[in-house]
1. With a cut-off of at least 3 residues that are on the phi > 0 side of the Ramachandran plot and not acidic (Asp, Glu), name the strands (runs of 3 or more DSSP E) lying wholly within region 112-229.
2. Starting from region 470-486, keep only residues that are without any contact (Cβ under 8 Å) to a residue 60 or more places away in the chain, then list their pairs with residues that are in a loop (DSSP other than H, G, I, E, B) and open to solvent by 10 Å² or more (accessible area, probe 1.4 Å) whose Cβ atoms are within a distance under 8 Å, requiring at least 6 positions of separation or different chains.
3. Return the residue satisfying two criteria in turn: it lies in region 35-50 and is aliphatic (A, V, I, L, M) and surrounded by 12 or more Cβ atoms within 10 Å (Cβ to Cβ), and of such residues it is farthest from residue 12 (Cα to Cα).
4. Being in contact with a Ser or Thr (Cβ under 7 Å, 6 or more places away or on another chain) and among the aliphatic types (A, V, I, L, M) is the filter; apply it to region 1-29 and report the residue that is least open to solvent (accessible area, probe 1.4 Å).
5. Would you check which residues across region 296-323 are in contact with a His (Cβ under 9 Å, 6 or more places away or on another chain), closer than 21 Å to residue 485 by Cα and not in a helix (DSSP H, G or I) and list them?
6. For the structure I just gave you, tell me whether residue 184 is surrounded by fewer than 22 Cβ atoms within 10 Å (Cβ to Cβ), at pLDDT 90 or above and β-branched (Val, Ile, Thr).
7. Scan region 102-117 and give yes if some residue there is at pLDDT 90 or above, farther than 19 Å from residue 179 by Cα and open to solvent by 10 Å² or more (accessible area, probe 1.4 Å), otherwise no.
8. Go through region 215-240 residue by residue and tally those that are among the small types (Gly, Ala, Ser) and either touching a Ser or Thr at 6+ places or on another chain (Cβ under 7 Å) or buried (at least 19 other Cβ atoms within 10 Å of the Cβ) (or both).
Amino acid sequence: MIWLDSIHPDDLVATNEIFLRAIETRSDYASEFRIIRPDGATRYLRSRARYFIDAAGDPCFVGAEWDVTDDVLLNKELERSRAEARFAADHDHLTGLLNRRSFDCALSELARQESVKVALLHIDVDHFKEINDRFGHAVGDLVLSHVSKILLEAISAGDVAARLGGDEFAVVITEDECDKTIAVLDQIQRRLESPLPVGDQTLIVPCSIGVASAMSADFARLLSQSDLALYHAKRNGRNRAEIFSDEMASTLANERQLAQDLRSGLALGQIRPFYQVQVDARSFRVNGVEALARWHHPTRGILAPAHFLSIASSNGLVAELDDVVLKAVLSDMKSSASPLEVIRVSVNLSADRLDDPELTAKLDGYDIPPGRLSFELIETIFLDSLSDQVRQNIQAIKSFGIDIEIDDLGSGHASLLGLLELRPDRVKIDRQLVTPILQSVPSRRLVGSLVDIARALDMEVIAEGVETLEHANVLAALGVHTLQGYAFGRPQSFADLSARLEQEIFDCERAEIVGAGR
């Protein structure tokens, strides 16, 4: 039959069955099929026929066929476009993972299922901004695609992987078998350790991961717990996974309360400076003090920075803390008969404060006595070179008659060129280098070398962490100018410092009178 011979092989069986059924049931038929023309072209036909009995009493079909190729192809194109639009609406354009909206929909769908336990992995690329800044956004996109591929290969059917935005990803795992989440997590972490080729070099892509598990109906809680676990992974060093625990929630609640208390404490004047004396290495006479922040907490007593500095840093309060301490120091310096009239006061200045574009204007608003104040800068601020903003602020600091000190010399990354450019008035040798000098000859030599370098650059040297007079004598012999540590006093309030210095002046005057009378 010529008609059947022209039908496309893939449509032949179905089309013939429709025709034979119409004959058997003596009914009309309708079908749509493809034919292959003699020139090899494929066309789509629509066939309609009505069953009837002719004058001779024989069964017959009368109908027509239409070439609907253009309509079919147009519909296929429209359906393809709709599918692409649906995919684009549901997926991230860069990685092909579900986007945040579709991720939320997937969670809602899972929430309708009863008694399904799921795990949520909240994933964040560590230092992604630095990757973009160093290598460019094209490499940043490559990193995101690399991570998404690892996530897709780690999950199985029924699991969900999504890019929530930026460098933030999420994976939802249905825990239908024992230790499945741990296995997926292990695979993701192992794959992330593999180097990613970037041009003629390779790049390791570290990620922090927060993990939480719950029944599917409690996704709001699950999201909160995984986010908290991710926060702990970042805070504990990054490039690691943390699994949510109730202890994490308790710790976070305490930290949030402490942060709120700190904001209030800064506003209410609860942060006050304590002063640790610095003494001349030869005479042991006080020649300066370092102002150290102390928090007079209403219920926890006096707190040292170890109890609140990390909270201040994570909540963006370090610059405000610096400012509060500076104002309090200036107030103490101006009080009547202040012992700070004749000695230098060192005040810590954080990296945030040093990079503040408004620093000059703020300092200009204070009445700063020239030559009596010194800003102590952490050495690790100067990793490679100084930014233009930092350079401008350093020049402004010097113009106010404020000295500059480098803290913790020997423990950071300051180069000789950096010291030459900065030209600090003095440097402070880190306590970790000072402590072992009595037992360690290499440590003693290292400290001696640092002293020689500082002297060559016309910088005074302070040694901190001086615990004993034996330490003091060795450091003096090495050429250190000033000593600071528990051997000469712990940090104390302004009132206690005043009483101490008044007694020291009295003792000196009495010694001079006794000496003159002999």
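1. none
2. Close Cβ pairs satisfying both conditions: 471/487; 485/467; 486/467.
3. Across region 35-50, the extreme among qualifying residues is 49.
4. 7
5. Those that are in contact with a His (Cβ under 9 Å, 6 or more places away or on another chain), closer than 21 Å to residue 485 by Cα and not in a helix (DSSP H, G or I): 302, 303.
6. It is true that residue 184 is surrounded by fewer than 22 Cβ atoms within 10 Å (Cβ to Cβ), at pLDDT 90 or above and β-branched (Val, Ile, Thr).
7. Among the residues of region 102-117, not one is at pLDDT 90 or above, farther than 19 Å from residue 179 by Cα and open to solvent by 10 Å² or more (accessible area, probe 1.4 Å), which makes the answer no.
8. 4
The values are calculated or read from the model by the stated rules, or taken from the named source; none is laboratory data. From a predicted model like this one, the values you see are computed outputs, not experimental measurements. No Cβ is skipped: glycine too gets one built from the backbone with ideal geometry, and neighbour counts run over all protein chains shown. For accessibility, only protein heavy atoms count, side chains too; no ligands or nucleic acids. Shrake-Rupley method; radii C 1.70, N 1.55, O 1.52, S 1.80 Å.
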